[in-house]
Amino acid sequence: MNATRKTPTLVLILSAIILCTQALPLWSADSRRIATVPALGVLAGGQTGIIHYVVLQIDKDPRQEGPTVQFNEINLGGGSVVSEDWKEGVKQAVVAAMKAVGEDGREWVITIKNRSFSKLTEGMSASSAVAVGIMAAWRGDDVKSDVALTGKIMPDGQIEPVGALLIKVEAAARAQFKTVLVPRGQLDTTDWDLSQLATRWNIKVIEVATLEEAYQLMTTAGR
C-alpha cells in the first residue's frame, strides 16, 4: 500500500523536473558545458569547516535573452538551499566570468546546484570558485580535484577577503586537498599565520588577487 501511494508523488516530481528542463529551447545534451568546483564553507555555529561542490551547467538559449541564472535547490541527491547573498555572489561570478572569456552571455542559461551536507548555504565566499567553474565549462578546461578556492568575486574579477579562513583551510587539509587559494593579504595577518599552520596541516596555501590568477592555478589551463 505505501509503495502504491508514493508512486503518484514520484511521477509528479519527475514531471516537474522534465518541465523545468524543457522551459527554454536549449542546446542538445551533447553540447552542454558542465563543470564541478569545490568550495569551502562553515557549518552553522561557525566551528566546523566543510567542503561542498557546486555543479554548473551552461546551455544555450537561441532567443539571446540572457544571461539567465537558475538555481536547482531541489533537496534530492545532496542538494542545498542557498541564501540570497549566495545567489548574489553567483550573479557577480557570472559577470566576472563573461568578461574573462570575452562573451556577452546573451545566449547563456546557467544552472547552478550546490551539493552540501548543510541544508542551507550562505555567504559569498564560494563566488570566486563559481566564476572559475563557469570559465572552465565554457573553455573546456578541467578543474583540478586537489585545489580549492575561497574568496568573494567582484564583477571586475578582483577577489576580495572572506571570513573563517582558518576553519576552511583546515577542512580542506582534512579532505586531503593539496592546495588552497585564498584572497591576497589573508595568508598572514595580525590574527593568524597561515604559513605556519599550512606546514602543520601539510597543505599549500597560495594568495590570489584576481580571477585569472585563480583560474591558472585551479584548472588544467595552467599546464
Rounded to a whole number, what % of the accessible area of the stretch 90-223 do carbon and sulfur atoms account for, probe 1.4 Å? 46
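Quick one: net charge around residue 63, please, counting Lys, Arg +1 and Asp, Glu -1 for every other residue with C-beta under 15 Å from its C-beta. All intermediate terms of the calculation are to be shown ahead of the outcome.
Numbers: positive: 60, 106; negative: 59, 61, 65, 104, 107.
Result for the neighbourhood of residue 63: -3.
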Of all DSSP beta bridges located in the stretch 84-220, what percent are antiparallel, nearest 5? 40
Pull out the extension gain between residue 99 and residue 207, defined as 0.36 nm times the separation in residues minus the alpha carbon to alpha carbon distance; nm, one decimal. 36.7 nm
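Over 27 Å between C-alpha atoms is what I'm after, so list which of 87/168; 60/113; 99/119; 91/178; 113/152; 119/204 land there.
On the way: 87/168 20 Å; 60/113 18 Å; 99/119 32 Å; 91/178 29 Å; 113/152 18 Å; 119/204 30 Å.
Result: 99/119; 91/178; 119/204 exceed 27 Å.
What translational D, rounded to a whole number of µm²/s, comes out for the stretch 128-223 from Stokes-Einstein when the hydrodynamic radius is the Kirkwood one over Cα pairs, at 25 °C and 0.890 mPa s?
On the way: Rh = 13.4 Å.
Taking Rh from Cα pairs, D becomes 183 µm²/s.
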With viscosity set to 0.692 mPa s at 37 °C, what whole-number translational diffusion coefficient in µm²/s follows for the stretch 117-183 from Stokes-Einstein and a Kirkwood radius over Cα pairs? 256
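The values are calculated or read from the model by the stated rules, or taken from the named source; none is laboratory data. Because the structure is a prediction, the values reported are computed rather than measured. We place every Cβ from the backbone using ideal geometry, glycine too, and count neighbours over all the protein chains shown. Calculation scope for accessible area: heavy atoms of the full protein, side chains included, ligands and nucleic acids excluded. Shrake-Rupley method; radii C 1.70, N 1.55, O 1.52, S 1.80 Å.
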